[in-house]
1. Given axes a ≥ b ≥ c from the Cα gyration tensor, I'd like to know whether the range 284-373 is rounded (a/c under 1.5), prolate (a/b larger than b/c) or oblate.
2. Taking the Cβ of K106 as the centre, find all other residues whose Cβ is under 9 Å away and add up their charges (Lys, Arg: +1; Asp, Glu: -1).
3. Placing unit charges on C-beta atoms (Lys and Arg positive, Asp and Glu negative, everything else neutral), compute the dipole magnitude of the chain about its Cα centre in debye, rounded to 20.
4. Relative to the longest principal axis of the chain, what angle (0 to 90°, nearest 10) does the C-alpha long axis of helix 341-355 take?
5. Calculated from DSSP H runs of 4 or more alone, at -39500 (n - 2.57) each and per residue, what is the 222 nm mean residue ellipticity of the chain, nearest 500?
6. Rounded to the nearest 0.05, what FRET efficiency is calculated for T245 and N362 with R0 set to 35 Å and r the Cβ-Cβ distance?
7. Cross-link partners among lysines for K150, C-alpha distance below 20 Å, same-chain residues fewer than 8 apart left out?
8. Would you list, by chain and number, the aspartates and glutamates whose Cα falls below 18 Å from the Cα of K137, excluding same-chain residues fewer than 8 positions away?
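None of the figures in this text is laboratory data; all of them are computed from the coordinates on show. Remember, predicted model here, so these are calculated numbers, not experimental data. Don't worry about glycine lacking a Cβ; one is built from the backbone with ideal geometry, like all the others, and counts go over all protein chains shown.
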Amino acid sequence: MKILHVIPNLLKGGAQRLVIDICNELSKKESLECKILVLSKSNNEFQYCSSKLDITFYEVKFQLSMLKKNQIEISSYENFIDEFKPDIIHSHLYFSELVCHENPKKDIKYISHLHSNNPVFERLTINSFFNFKSFYKTYEKQRLVKRYLKTDKKFISISNDTFSFFNKNMQKFSKDLVSLSNSIDLSRFKQLSKKSPSDIIKLISVGNLLVKKNQIFLLDIVKYIKSKSYSVHLNIVGDGVEKKTIANKINNLNIKDNVILSGQKDIVEEELIKADFYVHSATYEPFGLVILEAMASRLPIVALNGSGNKDLLKNGTNGFIIDNQDPKFFGDIIIDLFCNKEKYQKISEQGFQTSLKYDLPNYSNNLLKIYNS
């Protein structure tokens, strides 16, 4: 079986990491030929773990317009398809959806990976009917749906929240929708030995520095814990457009000695193992791969409710999930766990046991069942 994974870029991100992990695992099977096609000439920020993979980069153009002529130049993609002749085209993220389905072929099965609740799929309502952006999204959706109907099609949702969203807004394809929660390579964490918490509350958060990731909220938590006379340190791993805003607030709150912006890291598990708590502040989280990674590192999780991460966290059992952005409430949970070592160990162990359910070999076997269905 020939399998092609198509993605817009290989910059740091959960979808990109999943594609790399999937292809590393599938490439172990002799009966499969697995390739990755990247629809841009962007850097491969996963070179440290993708050296054995067959990856091709092509620059394509795909811009739709209701008022002007569409700008579509995907000949390099189509030439690649004609040459490779895949049995499966597995697309990730919306730009890949557009490119892969522009000229679908009848002898190929198409898999669309729903990594989030894409607003393009939302139904047009009376209130939004006269909003141009909403109308344009509906135009894109209808155009894409016509092409979906020409294909042998499956959609993979990564969480219950994503499943419900797609099922509600794309009922025509409900029969083609399957659930497959994301996965991590647990072998990355087996060599790590977790130490007991120190006399400092060491927090870590991992993710691109974006508004929706909301790392700026974590600074209020650090300020609160510090005000309760506890030694506290937060390591924010990642980079992005919000870096300056976050840095300014660190200065304004006078917590420069308590917070470090450590930038992007390739081997994130080496950073996780240095911490005592994983804190997750995203206001919307389709699933939460890094939450799984933190669980595998035996870190207790304290997170805001981002909808998709509800699949992973059972409040007070294997972590904590909070509905309101209240620094005091969030901080008091951390302080309570820090002071109660028995409770800390229990939550950590339950989180670790949860992570074992999401190992990559099981995931790849379930994915192959979808390919063969």
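1. Numbers: a/c = 3.64, a/b = 1.78, b/c = 2.05.
Judged from the Cα gyration tensor, the range 284-373 comes out oblate (a/c at least 1.5, b/c at or above a/b).
2. Details: positive: K105, K150; negative: D107, D152.
Computed value for this residue: 0.
3. On the way: 53 positive and 41 negative charges, 155 e Å.
In total the dipole reaches around 740 debye.
4. Helix 341-355 sits roughly 10 degrees off the main axis of the chain.
5. Details: 12 runs with 133 residues, N = 373.
Here the helix-only value at 222 nm equals -11000 deg cm²/dmol.
6. Values: r = 40 Å, r/R0 = 1.14.
Once rounded, the FRET efficiency stands at 0.30.
7. By straight Cα distance, K150 reaches K85, K105, K106, K109, K141, K172, K175.
8. E97, E102, E122
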